[in-house]
Amino acid sequence: MTLLFTPYSFGTLTVPNRLVRSATAERMADADGRILPTLYLFYRTLAEGGIGLIITGHMYVHPGGKAHPEMTGIHSDEMLPGLRQFAETIHQVGGLAAAQINHGGIKNDAESVSESVGPSDLEVGDLASRPARAFTEAEIAMLIDAFAQAARRAKQAGFDAVQVHAAHGYLISQFLSPAVNRRTDEWGGSFYNRLRFLREVVRAVRAEVGAEYPVFIKLGMMDGVEGGLTLEDGARIVAALQEIGLDAVELSGGIGGPKLTNSKKGVRKAAEEAYFLEFARRAKAVTGLPVMLVGGFRTRPVMEQVLADGDADFISMCRPLINDPDFPNKLKRGETDKSGCISANNCWPTGFGEGIGCKCPVKTEV
Ligand SMILES: Cc1cc2nc3c(=O)[nH]c(=O)nc-3n(C[C@H](O)[C@H](O)[C@H](O)COP(=O)(O)O)c2cc1C
């Protein structure tokens, strides 16, 4: 039996199938974070392609958290008209949209963020491309509020859910990681203290959006760097998520070191797909929350197997939908069982305003 095209609910949201578009930075905003018209067209095409739930590219909650050029801002009420149009574009063609909210911390855009700030003082090389200083307690309170106001804006703009980005070495994942968070106050040190920033962010988000609005997380379960989060640590975090107030979890890994990357290159064979499957199994053992799994899904049999085995409830994809936004429809109509994505990571723009797109020469045959 096919599970891929059966509905599934989390929080108050019912997703019509099990396919999720994992957050994908579009690079379609101006220098102030305002959405460029190309983004609406991009998302209209994506939503028409039959994906169950679209998670937007990460949007910065505060100007100091801008992670790269052309990143969309959700940091000010002035962004609301563009954000409304964003959500409406997806809704107009029957899609569902979750806004991913983020702060880069030490992973910031040096062109627009004058000072690099994160959980701790860091030298270059410590996963930091330039020296960083530690946030003060007052700044931490400001950041928590910035996440809460961003979530409030997402809801006000009409997004169906919010995803808090706690993966890939950005600010929340920096606080969680013992490799980056070397604080000795209540925001660092013990497992419980490193979890505090995430807990406080979700508490503040809930205070703004209410108990019913779907709020979920993208969690990096393992850092893959020396002294970083292990899979055991990741499972402990997953076990706490429901109590923290989240409705679902999407699993990923890696904080920027060479050993574990979130967008693994060269996924070609079935055995190379679903490269974070072990994470999902560990997560399922400790949580009743719906689990979305991302990382290397390319063929229908692998997707169906993961769902049938109960290892995940949703299949999340990024690069296959850059390669072909109509991939979900093609799967549904039985036109193909396999994405044309060859995981070469040629998705990034080469010039300002171009936005992401598949630049691989081979699109259909692998
Ligand atoms: C061009 C590009 C942009 C991405 N932007 C984001 C992002 O904004 N937020 C995020 O959580 N992950 C982001 N990712 C990571 C993907 O969501 C996903 O976790 C990863 O690519 C693995 O999935 P895949 O094998 O289906 O591509 C991005 C990846 C790529 C290739």
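Laboratory data are not the source of any read-out in this text; all were calculated from the coordinates shown. Note that the coordinates shown come from a computational prediction; the quantities given were computed from them, not determined experimentally. Note that we place each Cβ from the backbone using ideal geometry, even for glycine, and neighbour counts take in every protein chain shown.
Once the chain from residue 268 to residue 44 is taken as fully extended at 0.36 nm per residue, the excess over their C-alpha distance is 77.8 nm.
Put a dot 7 Å past the Cα of residue 345, heading toward its Cβ, do the same for residue 211, and the two dots end up 4.4 nm apart. Extension gain, residue 6-residue 34: 0.36 nm per intervening residue step, less the Cα-Cα distance, totals 6.5 nm. Average 1/r across all pairs of distinct alpha carbons in the chain, invert it, and you get the Kirkwood radius: 20.2 Å. Residues 142, 28, ranked from the fewest to the most other C-beta atoms within 10 Å, line up as 142, 28. Relative protection proxy for 131-137, 110-116, from highest mean packing down: 131-137, 110-116 (other beta-carbon atoms within 10 angstrom).
The mean sequence separation of alpha-carbon pairs under 8 Å and at least six residues apart, normalised by the residue count of the stretch 214-260, gives a relative contact order of 54 percent. Looking at the chain alone, DSSP beta bridges between its own residues are antiparallel in about 15 percent of cases. Taking the fewest neighbouring Cβ atoms within 10 Å as the starting point, the ordered list for 24, 6 is 6, 24.
Mean residue ellipticity, 222 nm, helices only, the chain: the sum of -39500 (n - 2.57) across DSSP H runs of n ≥ 4, divided by residue count and rounded to 500, is -9500 deg cm²/dmol. So, R0 is 22 Å and r is the distance between the beta-carbons of residue 236 and residue 309; what FRET efficiency does that work out to, to 0.05? According to the calculation, E is roughly 0.40. Between the stretch 295-366 and the stretch 194-242, how far is it from one alpha carbon centroid to the other, in angstrom? First find each Cα centre; the distance between them is then 27 Å. For the stretch 301-334, backbone nitrogen atoms closer than 17 Å to the point 7 Å from residue 286 Cα along Cα-to-C-beta are found at 312. Between the residues 97, 275, 14, the greatest Cα displacement towards the positive end of the dipole of the chain, with unit charges on the Cβ of Lys, Arg, Asp and Glu, is found for 275.
For the stretch 8-332, the relative contact order is 17 percent, taking Cα pairs closer than 8 Å that sit 6 or more residues apart in sequence and dividing their mean separation by the residue count. Taking 0.36 nm per residue of sequence separation and removing the Cα-Cα distance, the residue 77/residue 114 pair yields an extension gain of 11.0 nm.
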